[in-house]
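Encoded as structure tokens, the structure appears first; notes follow it.
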Amino acid sequence: MHVILSIVLACSQFVSALPSQPATTQPSRGGRGQPTAARSTYEPAVLRLANASCFEVASMLSQIFPGCTSYPVEQSNSVVFTGPADTLAMARKLVEQMDVMAAERDGPRVVIVDVKHRRVEEIVDHLNRVVENRRLRVSGDRGRSKILLRGDSKEITQAESLLKELDTPAAGIAIDFAFIQAKFEGQPRGTHMPADLDEVATELERFGNVALLGRLSTVAVEGEKFAVEGQVVPGIVAEVRGMVSNVNKEGVVKADLKASVRLVPGGADGNAPGPAGYFNIETVVTTQRGGYLVLGSAPAGAEVGESAILVMHVRK
């Protein structure tokens, strides 16, 4: 700080030696010209910072160059400066020196990190939850995909290391949705249960005889919405919408899901299947990769005793 103050004092003396801006005259109603302040026609310049705080720099520039304007922009850690060309050149040099000294001193500094793969708000939220030292400030600029870190060098180094682990390309998650029909009396519609669903079929025997109506599959990307819909058998339409919100290193998958099965008039034979049944489920699930999860069952058939069941499988 003593070094910065010495630069400030030196620049102040240099600025005081500069010629003052000429005043302009405008005729008054009586015909006499009276001096008036010249209007600023200078284009603003953006002075970007890598280490120093934009608030500290803007404050110092305002003191050194009182005839100019400077204000901080926290999102990009920069200062917008407006003034004459020669003054702007001085301000640039001063800002460069302050930025270098901010990197060398053992104190609070500011670092801007680019986010390449994930959503900025997702990483900011995660950093704020896991960083133990609350003196580290984390903010994001979603429009420019950048994260601003403000704190001591040690704190920033730790946050940058964690950020690299978080900012990885989102992996595709292959998910299968099996729609099963159960019936207490008689054979349900659909086909026989495949071998990979044997254990699931055994678990579902309490609902009666079971048969596979059909499957829907998709590859979902973490943090992005997905939707898949299709006619699993003639007259029966299934739909699943949702988003995989998180996949951790242990293979645990968390997802928001909304699924429905509905009967529609007019099957493949041209006959209506009966009264329009309906099955709907909306939930948040957590499952392990490679596992099967029975999400729900509900009466949804054209006949009494029929049920629709949804089974989710996340492939390894």
Residue that is farthest from L257 (Cα to Cα), among those in the range 213-241 that are within 17 Å of the chain's Cα centre (by Cα) and part of a strand (DSSP E or B): V221
Could you give every pair whose Cβ atoms fall below 6 Å, whose first residue belongs to the range 59-77 and is within 19 Å of Y42 (Cβ to Cβ), and whose second residue is surrounded by fewer than 16 Cβ atoms within 10 Å (Cβ to Cβ) and hydroxyl-bearing (S, T, Y), counting only separations of at least 6 or pairs across chains? I64/S12; S70/S62
The condition from (1) under 27 Å from P188 (Cα atoms); (2) outside any strand (DSSP E or B); (3) at pLDDT 80 or above that L257 misses is numbered (2)
Answer with yes or no whether L212 is surrounded by fewer than 16 Cβ atoms within 10 Å (Cβ to Cβ), in contact with a helix residue (DSSP H, G or I) (Cβ under 8 Å, 6 or more places away or on another chain) and either free of Cβ contacts under 8 Å to residues at least 24 places away in the same chain or of a type in the set (A, V, I, L, M) (or both). no
Condition first: assigned to a loop (DSSP other than H, G, I, E, B) and in contact with a strand residue (DSSP E or B) (Cβ under 6 Å, 6 or more places away or on another chain). Can you find one or more residues in the range 163-179 that meet it? yes
For the range 171-202, which residues satisfy the criterion of being loosely packed, with under 14 Cβ neighbours inside 10 Å, acidic (D, E) and within 39 Å of the chain's Cα centre (by Cα)? D196, E199
Return the pairs, sorted by first residue and then second, in which the second residue is surrounded by 15 or more Cβ atoms within 10 Å (Cβ to Cβ) and polar (S, T, N, Q), the first residue lies in the range 234-251 and is without any contact (Cβ under 8 Å) to a residue 40 or more places away in the chain, the beta carbons are less than 8 Å apart, and the residues are 6+ apart or on different chains. E239/S260
Hey, does the range 288-298 have a residue that's loosely packed, with under 15 Cβ neighbours inside 10 Å, aromatic (F, W, Y) and either at pLDDT below 80 or touching a helix residue (DSSP H, G or I) at 6+ places or on another chain (Cβ under 9 Å) (or both)? no
Test V228 against the criterion of being surrounded by 12 or more Cβ atoms within 10 Å (Cβ to Cβ), at pLDDT 90 or above, β-branched (V, I, T) and out of contact with any Leu (no Cβ under 7 Å at 6 or more places or on another chain), and give yes or no. no
Pair list, Cβ < 9 Å and 6+ apart or interchain, from the range 149-176 residues that are aromatic (F, W, Y) to residues that are surrounded by 15 or more Cβ atoms within 10 Å (Cβ to Cβ) and assigned to a strand (DSSP E or B): none
For residues that are among the small types (G, A, S) and within 17 Å of S53 (Cα to Cα), scanning just the range 134-167, find the one that is modelled with the lowest pLDDT. S153
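Residues checked against (1) acidic (D, E); (2) in contact with a helix residue (DSSP H, G or I) (Cβ under 7 Å, 6 or more places away or on another chain); (3) more than 16 Å from K93 (Cβ to Cβ); (4) modelled with pLDDT of 85 or more:
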{"position": "M1", "(1), (2), (3), (4)": "no, no, yes, no"}
{"position": "S12", "(1), (2), (3), (4)": "no, yes, no, no"}
{"position": "G33", "(1), (2), (3), (4)": "no, no, yes, no"}
{"position": "T36", "(1), (2), (3), (4)": "no, no, yes, no"}
{"position": "A50", "(1), (2), (3), (4)": "no, yes, no, no"}
{"position": "F65", "(1), (2), (3), (4)": "no, yes, no, yes"}
{"position": "V73", "(1), (2), (3), (4)": "no, yes, yes, yes"}
{"position": "V80", "(1), (2), (3), (4)": "no, no, yes, yes"}
Just wondering, is there one or more residues in the range 83-100 that are touching an Asp or Glu at 6+ places or on another chain (Cβ under 8 Å), at pLDDT below 85 and charged (D, E, K, R)? no
Report, by residue number, each residue of the range 106-123 that is surrounded by 15 or more Cβ atoms within 10 Å (Cβ to Cβ), within 16 Å of G151 (Cβ to Cβ) and at pLDDT below 85. P108, R109, V110, V111, I112
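The values are calculated or read from the model by the stated rules, or taken from the named source; none is laboratory data. From a predicted model like this one, the values you see are computed outputs, not experimental measurements. Neighbour counts run over all protein chains shown; Cβ positions are idealised from the backbone, glycine included.
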